[in-house]
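The values are calculated or read from the model by the stated rules, or taken from the named source; none is laboratory data. Predicted, not measured: the structure shown is a model, and the values here were computed from it. Glycine gets a Cβ as well: all are built from the backbone with ideal geometry, and neighbour counts include every protein chain shown.
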Amino acid sequence: MTKSLFFRAVGKFAAGVILLALLLFLPAWSLRYWNGWLFLGILFVPMFAAGIVMMIRNPALLEKRLDAREKETEQKTVIALSGLMFLLAFVLAGLNYRFGWLPMPAWAVWTGVAFFLAAYLLYAEVLRENVWLSRTIGVQENQKVVDTGLYGVVRHPMYSATLFLFLSMGIVLGSLPSFGVLLFYIPIIVLRIKNEEKVLEEGLEGYREYETRVRYRLIPFLW
């Protein structure tokens, strides 16, 4: 671990907390928006803990997770669409609280919390299983096909985890409009997966054979 990596990670983490807080509480025009505090807690506390673990045990993986510069043109479009989707979802959540448009009952919110945390655990397991996992699309030096554990069930378990994470966000925030916006993550992730598989088929040895062994991309028996 280097000092530069430490300060980079801390800086990105702090910037993320501040930006998300502004996107939620400014439209809500209140610090009493308890769903906002709940969401910040279940999102950033596990993220902070995971970052500490990676910093100590696997700084190379942390470095990859901090690098979000896509080279593929299609993936740049996916990132832009995702950013717009999140921006709209978070702002709508604050406005939904402020004006009381379509709030969700407490039992639905806590169900969303359960799904969110379960998806976080799934995401952590994917990080443990795949040392080549990166936020950007591409084939790394000496990369091998991972086909055990969750990768023996679906080809993209990381995206399976993020699908449940993102869809539960609107519920945790108590905002039906935000949940509706976050449904657009489904076509966005389908676009990303199709482009990623094209890159892997062309550059990663054994990936085509892996696709014949593991049929489903995202959700078993569905797709």
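Computed quantities for the displayed model
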| quantity | calculated |
| --- | --- |
| Test: residue in the stretch 189-196 that is assigned to a helix (DSSP H, G or I) and within 28 Å of L38 (Cβ to Cβ) | yes |
| Enumeration of residues in the stretch 15-37 that are surrounded by fewer than 18 Cβ atoms within 10 Å (Cβ to Cβ) and either of a type in the set (F, W, Y) or within 14 Å of F116 (Cβ to Cβ) (or both) | W29, W34, W37 |
| Every residue from the stretch 1-44 that is more than 29 Å from E63 (Cα to Cα) and among the basic types (K, R) | R32 |
| For V78: the one exception among (1) modelled with pLDDT under 95; (2) not in a helix (DSSP H, G or I) | (2) |
| Unmet criterion (only one of (1) of a type outside the set (V, I, T); (2) more than 19 Å from A89 (Cα to Cα); (3) touching a residue at least 40 places away in the same chain (Cβ under 8 Å); (4) crowded, with 18+ Cβ neighbours inside 10 Å) for Q143 | (4) |
| Out of R32, R8, sole residue that is without any contact (Cβ under 8 Å) to a residue 60 or more places away in the chain and closer than 22 Å to S178 by Cα | R32 |
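Here is a yes/no grid of residues against (1) modelled with pLDDT of 95 or more; (2) assigned to a helix (DSSP H, G or I); (3) closer than 17 Å to I171 by Cβ:
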{"residue": "I18", "(1), (2), (3)": "yes, yes, no"}
{"residue": "L22", "(1), (2), (3)": "yes, yes, no"}
{"residue": "L38", "(1), (2), (3)": "yes, yes, yes"}
{"residue": "I42", "(1), (2), (3)": "yes, yes, yes"}
{"residue": "F90", "(1), (2), (3)": "yes, yes, yes"}
{"residue": "W110", "(1), (2), (3)": "yes, yes, yes"}
{"residue": "L121", "(1), (2), (3)": "no, yes, no"}
